[in-house]
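Okay, so here's the structure we're looking at.
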Amino acid sequence: MKKLVVAFLLFILFPLNILAISADKAIVMDLNSGRVLYDLNKDEPQLIASITKIMTCLVTIMYSDLEKQVVVDEDVLKSYGSSVYLEVGEEIKLIDLLYGLMLRSGNDAATAIAKTVAGSEESFVYLMNEYARTIGMTNTNFVNPHGLDNDGIGNTSTAYDMALLTKVAMQNETFKKIFGTQEYTAKSNLKTYQWEGKNKLFSMYEYTTGGKTGYTNAARRTLVTTASRDNKNLVVVTLNDGNDFLDHKSLYETYFSKYDSLLAIDKNNFTIEDDYYEDVLFYVKNDYYALVTEEEKADLQINISLYKYDYIYDGIKIGEAKVMLNDTLLHTESIYAKKVEEKKEEEKEGLFRKILRWFSSW
């Protein structure tokens, strides 16, 4: 009994920072920097179900003409599970299939997309795995474009890898638009589709900007969502989470409150003092907001590095501004230069004579 009292008193005096969620694996990542703000078993691989389709969508956008007309063939009959109910011989644009893929999680759409883009499902999966390696998804392996599994064999990944993929994907404006769409109307030569998304977080949390759901008996519930508030942009991934939507909302509320968004690079007030270049205007093209706690603000710094060129022309990339939090690189912004030409002496003299003529005409 005494041990219980002591333990209770210790908890009151020194409360543990425990965030109760139902997931086996989870992560909260800053979309701007890729910084991990929270994780639970983030590097442990497992089956991921239909959040696979984030990669399917991105690879399609990168490698194909989205206005291409797709003719649905017999391969679509092999699909099972969630579907948009395509018919053999149906003709529909690839961009419309991407909305069916992401909003309704259509496995038939995934099959038709893969064959249209790469000629076969196997070739499309090769593109998926190659791109995964390119962006640093080191614990991921795709075997199909839809996420279905059979006897424990299917697409495997981690919370971290899926957050990283979403961070990269959200830099593509077409993906970002599809990911954030809640309703979509598509037309084929046979019918009109009215699709509503399965991401319930849109109706539960006003700052939601996108998401993809997933479920199989083996993988259980998987979910990737994004949200933005006050220049704070986060992605949350949960794997095997029976309470996923509420957990995502809780994670967003916790980490939006914990971190401040600090304007680290202001494109409208960007100045550099440099002795090497004369008559050069330095500028950046983007603002950058760093996500930091109140205690971390003093550790934020901007490191400027400039290249030494003998000749400058307008618009040349001349260096980089690196936003650092202690030894951690949060962001790199390119610095550009513009030559500021002084007026030639003859131009100055011409202006002086014009002024004299103006006075003499009085």
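Computed from the coordinates by the stated procedures, all read-outs in this text should not be read as laboratory data. All figures in this text were calculated on a predicted structure; none of them were measured in a lab. Note: ideal-geometry Cβ built from the backbone for every residue, glycine included; neighbour counts use all protein chains shown.
Evaluated over region 42-117, the count of Lys pairs having alpha-carbon atoms less than 27 Å apart is 11 (only pairs 8 or more residues apart or interchain). Local charge for Ile312 was computed over the other residues whose Cβ lies under 13 Å away, with Lys and Arg +1 and Asp and Glu -1, and equals -2. Rounded if a/c is under 1.5, else prolate if a/b beats b/c, else oblate: with a ≥ b ≥ c from the C-alpha gyration tensor eigenvalues square-rooted, which is region 54-105? Oblate.
Sorted fewest first by neighbouring Cβ atoms within 10 angstrom, Ile92, Ile135, Ile265, Ile153 come out as Ile153, Ile135, Ile265, Ile92. The residues neighbouring Leu329, those whose beta-carbon lies less than 11 Å from its own, together hold a net charge of 0 under the Lys/Arg +1, Asp/Glu -1 convention.
Taking the centroid of alpha carbons for each part, region 255-331 and region 138-165 are 36 Å apart. Taking Cα atoms only, the orientation of helix 121-134 departs from the longest principal axis of the chain by about 50 degrees. Take the chain and mark each of the GluC sites (Glu not before Pro) that is in a DSSP loop with at most 16 other Cβ atoms within 10 Å; the longest unmarked stretch, sites excluded, is 88-205. The ranking of Lys285, Lys200 by Cβ neighbour count inside 10 Å, starting from the fewest, reads Lys285, Lys200. Which residues does a label at Asn231 reach in region 308-344, if reach means a backbone N under 19 Å from a point 7 Å past the Cα toward the Cβ? Label zone hits: 321-326, 330-335. Under a 5 Å amide H cut-off, with hydrogens placed 1.01 Å from N, Thr209 pairs with Thr226, Ala227, Ser228 among residues at least 5 apart or on other chains.
The Asp73 and Asn141 beta-carbon pair, evaluated with R₀ = 22 Å, returns a calculated FRET efficiency of approximately 0.20. Computed over the chain, relative contact order equals 16 percent, with contacts defined as Cα pairs under 8 Å that lie 6+ residues apart.
Each of Ser334 and Asn303 was given a label point 7 Å from its Cα along the Cα-to-Cβ line. The distance between the two points is 2.1 nm.
Full extension of the chain segment joining Ile316 with Asp65 gains 87.2 nm, where the gain is 0.36 nm per residue of separation less the Cα-Cα distance.
Its DSSP H runs of at least 4 residues, each contributing -39,500 (n - 2.57), put the calculated 222 nm mean residue ellipticity of the chain at -9500 deg cm²/dmol, to the nearest 500.
Each label point was placed 7 Å from the Cα along the Cα-to-Cβ direction; for Leu190 and Arg133 their separation is 3.8 nm.
Computed from the Cβ-Cβ distance with R0 of 56 Å, the FRET efficiency linking Ser123 to Ser203 stands at 0.90.
Panel order for Ser120, Ser157, by other beta carbons found within 10 Å of each beta carbon, from fewest to most: Ser120, Ser157.
With respect to the chain, whose longest principal axis is taken over its alpha-carbon atoms, helix 53-63 is tilted by about 50°.
By the gyration tensor of its Cα atoms, with a ≥ b ≥ c the square roots of the eigenvalues, what is the shape of region 263-339: rounded for a/c under 1.5, prolate for a/b over b/c, or oblate? Note, shape of region 263-339 comes out prolate. Which log10 I(q)/I(0) values does the chain give at q = 0.06, 0.08, 0.10 Å⁻¹ under the Debye formula, counting every alpha carbon as one identical point scatterer? Log10 I(q)/I(0), no solvent term: -0.33, -0.53, -0.73. Taking Cα atoms, how many degrees apart are the long axis of helix 94-103 and the longest axis of the chain, rounded to 10 and kept between 0 and 90? Taking Cα atoms only, the helix is inclined about 70 degrees.
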